[in-house]
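**Q** Below is the structure I would like to discuss, written out as structure tokens.
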Amino acid sequence: MKVAFFVAHFPVLSEPFILNQIVGTIERGHDVDIYSLDGRPQDTSKVHPLVEQYQLIERTIYAPTRPTNELWRWVKGVSLLLLNFYKNPSVCLQLLNTTRYISQAKSLKMLYRALPFLEKKSYDIIHCQFSTLGVFGVWFRQLGLIEGKLISTFRGSDISKFLPKWGEQVYQNLFQETDFFLANCEFFKNQAVALGCDANKIHVHGSGIDCSKFFFQSRYFPDDGVIRIATTGRLVEKKGIEYVIKAIAKVVKNYPNIEYNIIGDGKLKESFEQLISELNISQNVKLLGWKQQKEIVEILDKCHIFLAPSVTAQDGNQDAPVNTLKEAMAMGLPVISTRHGGIPELVEDEVSGFLVPERDVEAIANKLTYLIEHPELWEKMGKAGRARVEEKYDMNKLNHELVAIYQQVLHSQLTTQSFLKTQLISSKN
């Protein structure tokens, strides 16, 4: 099969779930192109090793980067339009159709993203990662710029924070024109169906991790008495990290030998630095910045407890079962997370860890204290977490399923029921 992946930017360290699907498709013998529709990412100083191993930059087609400055955006956009007009004059004029494409034409997003397709592209499968990109996939196919079966994935922000801004009718054309849908958890699948997605055309397909890269080890109370805790994620509101910082300030009053490692970077870094200073816990809380996967594994190897305190952001943004949580569970870490989005589909409360309400500092502090006082639970919870990840989120199993979905979408009118029936027969054989 010839498969196109639509992404916003590529490569992005915080999106290994997309990278895993791309590599999984290549490993199964299929031809892959990657379309980075918002141009090149600003920072490529650190990339995942798989990007170099599979020479993925050479497979990537970059749309022109759209300037944030409106004047320069129009100057550059008009220049690009004139330079490329000869390739497809009739379509070039339609890209500025504000009646049909409204804000996407007014902001020139439609123009910039469409430029790589002015000379028609043909694929067996066009997989739009995030359904906000699926909208463009539908438009491009309607304009005759791209040919192939369309699959669109709901991943989180596209079914949460995107809706308050654009309204619940924004996906109606997508629901009608897309061949099949995926959602990375039941929570987002149910939201898509509630918005009008045909329940027979959407399947839950989680984001996988390579379990072989995350070695399990049982956790025990450390000989040196220092309890090492970790969180991995972008320093943004949705990740809820500030509530753990505040909880740590409460717990250290009784258990001063705590080391809390925050792995990641983002716009809230300065705010967190100030909060840590104000709470006088600089000796306990470390902001480690972005790390490569190998570095993250080395840090987690030395830790005893993992926290993923996701919250619903003010703009409505929500999380699916996050990969960093899966990685920690695969390594045997007992976890504390929140009753949020798709996370309860991953973390079984009081089995592999604890779930607490969003933004509840007191609850986080209480559960963290409980785990510190009951280290005999760590091994049991760690084993339960590893088993859960292997069962539901093994990357190889999921990539095999993904390619099976591609093949069935390509050769037939796939429904959720027909796919599940085929998988059941396959597993019996």
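**Q** Among PHE162, PHE154, PHE180, which is the only one that is surrounded by fewer than 23 Cβ atoms within 10 Å (Cβ to Cβ) and not aliphatic (A, V, I, L, M)? Steps first, please.
**A** On the way: PHE154 fails: surrounded by fewer than 23 Cβ atoms within 10 Å (Cβ to Cβ); PHE180 fails: surrounded by fewer than 23 Cβ atoms within 10 Å (Cβ to Cβ).
Only one candidate passes the filter, namely PHE162.
**Q** Just checking, which of GLU242, GLU237 is closer than 21 Å to GLY341 by Cβ and over 19 Å from the mean Cα position of the chain (by Cα)? Spell out the reasoning first.
**A** Numbers: GLU237 fails: over 19 Å from the mean Cα position of the chain (by Cα).
Being closer than 21 Å to GLY341 by Cβ and over 19 Å from the mean Cα position of the chain (by Cα) holds for just one of GLU242, GLU237, which is GLU242.
**Q** What helices (runs of 4 or more DSSP H), lying completely within segment 49-103, carry at least 1 residues that are in the same structural domain as PHE140 (by TED's automatic domain parsing), aliphatic (A, V, I, L, M) and farther than 30 Å from VAL23 by Cα?
**A** Numbers: elements: 49-53, 70-84, 89-94.
Once the helices (runs of 4 or more DSSP H) in segment 49-103 are filtered for at least 1 residues that are in the same structural domain as PHE140 (by TED's automatic domain parsing), aliphatic (A, V, I, L, M) and farther than 30 Å from VAL23 by Cα, what remains is 70-84, 89-94.
**Q** Consider THR132 carefully, then state whether it is part of a helix (DSSP H, G or I) and touching an Asp or Glu at 6+ places or on another chain (Cβ under 9 Å).
**A** The answer is yes for THR132.
**Q** Specify which of the listed residues (LEU145, LEU118) is touching a Cys at 6+ places or on another chain (Cβ under 8 Å) and either touching a residue at least 60 places away in the same chain (Cβ under 8 Å) or aliphatic (A, V, I, L, M) (or both).
**A** Checking each option against the conditions leaves just LEU118.
**Q** Inspect segment 270-280 for any residue being within 30 Å of GLY382 (Cβ to Cβ) and at pLDDT below 95 and give the result as yes or no.
**A** The answer is no; no qualifying residue exists.
**Q** Is it true that some residue in segment 8-16 is closer than 14 Å to LEU115 by Cβ, of a type in the set (A, V, I, L, M, F, W, C) and outside any strand (DSSP E or B)?
**A** No - not one qualifying residue is present in segment 8-16.
**Q** Let me ask another. Considering (1) of a type outside the set (Phe, Trp, Tyr); (2) surrounded by fewer than 17 Cβ atoms within 10 Å (Cβ to Cβ); (3) in a helix (DSSP H, G or I), say which one GLN21 fails and leave the rest.
**A** It is condition (2) that GLN21 fails.
**Q** Every residue in segment 295-314 that is out of contact with any helix residue (DSSP H, G or I) (no Cβ under 7 Å at 6 or more places or on another chain) and either under 20 Å from CYS185 (Cα atoms) or among the charged types (D, E, K, R) (or both), please.
**A** GLU295, GLU298, ASP301, LYS302, THR312
**Q** In segment 25-40, is there at least one residue being at pLDDT below 95, part of a helix (DSSP H, G or I) and out of contact with any Cys (no Cβ under 6 Å at 6 or more places or on another chain)?
**A** No, that holds for no residue.
**Q** For segment 394-405, state whether one or more residues are within 23 Å of SER218 (Cα to Cα), in contact with a helix residue (DSSP H, G or I) (Cβ under 8 Å, 6 or more places away or on another chain) and not hydroxyl-bearing (Ser, Thr, Tyr).
**A** Looking for residues that are within 23 Å of SER218 (Cα to Cα), in contact with a helix residue (DSSP H, G or I) (Cβ under 8 Å, 6 or more places away or on another chain) and not hydroxyl-bearing (Ser, Thr, Tyr), one finds at least one in segment 394-405, hence yes.
**Q** Checking the conditions here, which among LEU377, LEU368, LEU398 is surrounded by 22 or more Cβ atoms within 10 Å (Cβ to Cβ) and part of a helix (DSSP H, G or I)?
**A** Going through LEU377, LEU368, LEU398 in turn, just one is surrounded by 22 or more Cβ atoms within 10 Å (Cβ to Cβ) and part of a helix (DSSP H, G or I): LEU368.
**Q** Further, regarding this structure: Exactly one of (1) in contact with a Ser or Thr (Cβ under 8 Å, 6 or more places away or on another chain); (2) modelled with pLDDT of 95 or more; (3) more than 23 Å from PRO64 (Cα to Cα) is unmet by GLU147. Its number?
**A** Only one criterion in (1) in contact with a Ser or Thr (Cβ under 8 Å, 6 or more places away or on another chain); (2) modelled with pLDDT of 95 or more; (3) more than 23 Å from PRO64 (Cα to Cα) is unmet by GLU147, namely (3).
**Q** I would also like to ask the following. Tally the residues that are under 20 Å from HIS127 (Cα atoms), part of a helix (DSSP H, G or I) and of a type in the set (A, V, I, L, M, F, W, C), restricting the search to segment 181-199.
**A** Qualifying residue count, segment 181-199: 4.
**Q** Of all residues being touching a residue at least 40 places away in the same chain (Cβ under 8 Å) and crowded, with 20+ Cβ neighbours inside 10 Å in segment 24-50, which is farthest from GLU147 (Cα to Cα)? Just the residue, please.
**A** Step by step, filter segment 24-50, then rank; the result is GLY24.
**Q** Kindly provide the set of residues from segment 388-401 that are over 18 Å from MET331 (Cβ atoms) and either under 16 Å from the mean Cα position of the chain (by Cα) or hydroxyl-bearing (Ser, Thr, Tyr) (or both), ordered by number.
**A** The answer is LEU398, ASN399.
**Q** Any idea which of ALA192, ALA199, ALA230 is surrounded by fewer than 16 Cβ atoms within 10 Å (Cβ to Cβ) and touching a residue at least 12 places away in the same chain (Cβ under 8 Å)?
**A** That would be ALA199, the only listed residue that is surrounded by fewer than 16 Cβ atoms within 10 Å (Cβ to Cβ) and touching a residue at least 12 places away in the same chain (Cβ under 8 Å).
**Q** Moving on to the next point. Check SER122, SER79 and return the single one that is surrounded by fewer than 17 Cβ atoms within 10 Å (Cβ to Cβ), of a type in the set (Gly, Ala, Ser), modelled with pLDDT of 90 or more and more than 31 Å from the chain's Cα centre (by Cα).
**A** Just a single option satisfies the conditions, and that option is SER79.
**Q** Can ASP43 be described as under 23 Å from SER207 (Cα atoms) and of a type in the set (D, E, K, R)?
**A** For ASP43, the condition - under 23 Å from SER207 (Cα atoms) and of a type in the set (D, E, K, R) - is not met.
**Q** Now for a different question. What number of residues in segment 311-338 are in a loop (DSSP other than H, G, I, E, B) and either at pLDDT 95 or above or β-branched (Val, Ile, Thr) (or both)?
**A** 7
The values are calculated or read from the model by the stated rules, or taken from the named source; none is laboratory data. A quick note: this is a predicted structure, and the numbers were derived from the prediction, not measured. FYI the Cβ positions are ideal-geometry reconstructions off the backbone, even for glycines, and counts take in every protein chain you see.
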